[in-house]
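Before any comments, here is the structure.
FYI, it's all coordinate maths here, none of it is from the lab. Keep in mind it's a predicted model, so treat the numbers as computed, not measured. Positions of Cβ are generated from backbone atoms using ideal geometry, with glycine treated the same way; all protein chains shown enter the neighbour counts.
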DNA sequence: GGTATCGGATACCCATGGGTATTGAGATGG
DNA sequence: CCATCTCAATACCCATGGGTATCCGATACC
C-alpha cells in the first residue's frame, strides 16, 4: 500500500544538493533578518527551507559558517543593484531624481534587506572576523557610489563640486542612516521623506556651493 | 576572628539601593554594547557591577526590563549632549567646523555609544515594543538637530536653504550612518574623514545651492 | 536591644538549542 | 541486481543561562 514509490512508479527523486543549499541560504536570510543572528534557531531555518537540521550540518559547518556564507554571497549580489542605476538619464537633475526615488523605494519596501544589513553591521561592530568580511564590501559600495556620482557630474559638464570619494562616503552613509531611521520610525520616515532627503543631498553634492 | 565588622569596628555598611541600581545600569550598558543584547549574560553584568544575579532581579524585572531601563535613561541623557553645542561660535562657518569636529571625535572615540546605538537600532527594527520606546527619542533627536541648524542659519542672516526638519533628518541620519561605517571599517573611515563628510554636508545645507 | 522588614547572595530548576552519532533511503557503478 | 557511497532524517547529548525559591545579614522601627 504505502510504498516509497509514487502513484506512477516514480522512485521519489531526491532534491539536488545545489538546490538544497540554495533553499537553506534563502531561508537563513529570511530568518536571520526576522529574528537576528543570536535568536535564530537552526531548526527553524531548516524547516523554513523544507528540511531538517541534518541538511544544515551536511551543507555548512554550523551556524557561523552558514551566516558567513550569506555574507559572502550577498557581497557579490549587492554591488550589481547599486551600479546600474543612472544609465538611462543623461540630465543630472533627472538622474538625481531617479536615483533618489529608486533608493527610497528600496528602503521603504525591502525591509528584509535593511534588517539584515543592520544585523550585519551590529555583528561587525563587535566581531573582528565579521568585520574582516564586511569592511571590503562596504569599501566597494562606497567606491561604486563615488563612481556613479562622478559619472553624473561629468555628464552634466560641471566639475565635481567635492571629492568623489568623499561624496561616495556621504551618499553611502546617508543611505544607510536613512534605512536605519525608517526601520526605527517607519511612520515619520516614509518613502517620500527619504526621497526628499536623498535628492537634497545629491543635488547639493553635484552643484557647486554658492561662495559666501 | 573573622567577624563581619571591619578592622575599626565599622558595621560593614551596605551600599545604597540607588547606588546598586546605578552600577548595575552602567555595567549593563558596557556589557550590552560589548556583546550585544542576546549574548549578554545577566551574571556577567552583575559581576561587572560587583554584585550577583540576585541584585539584578531585586532591582529589575528581568533582562528585558533592564534593557528597557537603559533605553529610558539614555533617552534623557542623549538629548543634552546634542543641544548645547553651537552656543559659542556665532560665525556659521565656525559653528559648522566646531560641530563637525565634535561629532567626529565622539564617533571615533566613544565606540561604546556607537555599538549600543547600533544594537538598539537592530532590536527596534525587529521588535515593535523596542520601537515604541526608540521612535520618540529619535524624533526628538532629529528635531534638536533641526533647531540647532535653524539657529545657526539664522545667526548667519541667510534664510535657511532647505526645510529645517529635512535638514535635521539629513544630519541625524548622516551622523548615524557615519558612526556605523566607522564601526564597520575603522581604518578607512577615521575621525578626519568623518569630520570632512559632516562639514561638507553641513555647509551645503546652510548655504543656498547655486541655481543652475 | 529586640523584632520586622528589606534586599542581595546562593543554590537550584529546566527549557533551549547548537552540535554529534547513527540510521536508512536513494543515487551510483559494476 | 547487488555492493557501495552519499546525504538528509532522527535521536540524542549537554552546556548554557534566564528565572525562582530560599537564606541570611543589614537596616529600620519601636
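Quick notes
- Here the mean projected area of the convex hull built on the C-alpha positions of segment A:146-189 is 3.6 nm².
- Calculated FRET value between residue B:26 and residue B:109, using beta carbons and R₀ = 22 Å, to 0.05: 0.75
- The Cα trace of segment B:109-173 gives Rg and Dmax of 14.7, 44 Å, the first to one decimal, the second as a whole number.
- Compared with the dominant Cα axis of chain A, that is its longest principal axis, helix A:111-126 is turned about 90°.
- C-alpha center-to-center spacing [segment A:28-55, segment B:111-185] in angstrom: 33 Å
- Mean partner shielding of peptide B:161-171, defined as the number of other chain Cβ atoms within 10 Å of each residue Cβ, is 4.
- Tilt relative to chain A, helix A:63-83 - C-alpha long axis, 0 to 90 degrees, to 10: 40 degrees
- If the Kirkwood radius is taken over C-alpha pairs of the protein assembly as shown, then at 4 °C and 1.567 mPa s the Stokes-Einstein diffusion coefficient equals 54 µm²/s.
- Across the copies of the chain, residue A:50 has label points (7 Å from Cα along Cα→Cβ) spaced 6.0 nm apart, shortest distance listed first.
- Only helices enter the 222 nm calculation for chain A: every DSSP H run of n ≥ 4 contributes -39,500 (n - 2.57), and dividing by all residues gives -24500 deg cm²/dmol, rounded to 500.
- Exam field: residue B:186 pseudo-label spacings to other copies (7 Å along Cα-Cβ), nanometres: 3.5
- Across peptide A:123-129, the average count of Cβ atoms from other chains found within 10 Å of a residue's Cβ is 5.
- Square roots of five times the Cα gyration tensor eigenvalues for segment B:14-60, Å: 18, 10, 8
- Nearest-ten-degree value, helix A:128-155 long axis tilted from longest Cα axis of chain A: 40 degrees
- Value in Å of the Kirkwood radius, where segment B:70-206 supplies the Cα pairs that are averaged: 15.4 Å
- Per-residue mean of foreign Cβ neighbours for B:131-138 is 3 (Cβ atoms of other chains, 10 Å radius).
- Cα-Cα pairs of segment A:86-143 separated by more than 17 Å (percent): 57 percent
- Mean Cα-pair separation over length for chain B, i.e. relative contact order, pairs under 8 Å, 6 or more apart, %: 20 percent
- Label geometry 7 Å along the beta-carbon vector: residue A:136 inter-copy distances in nm: 4.7
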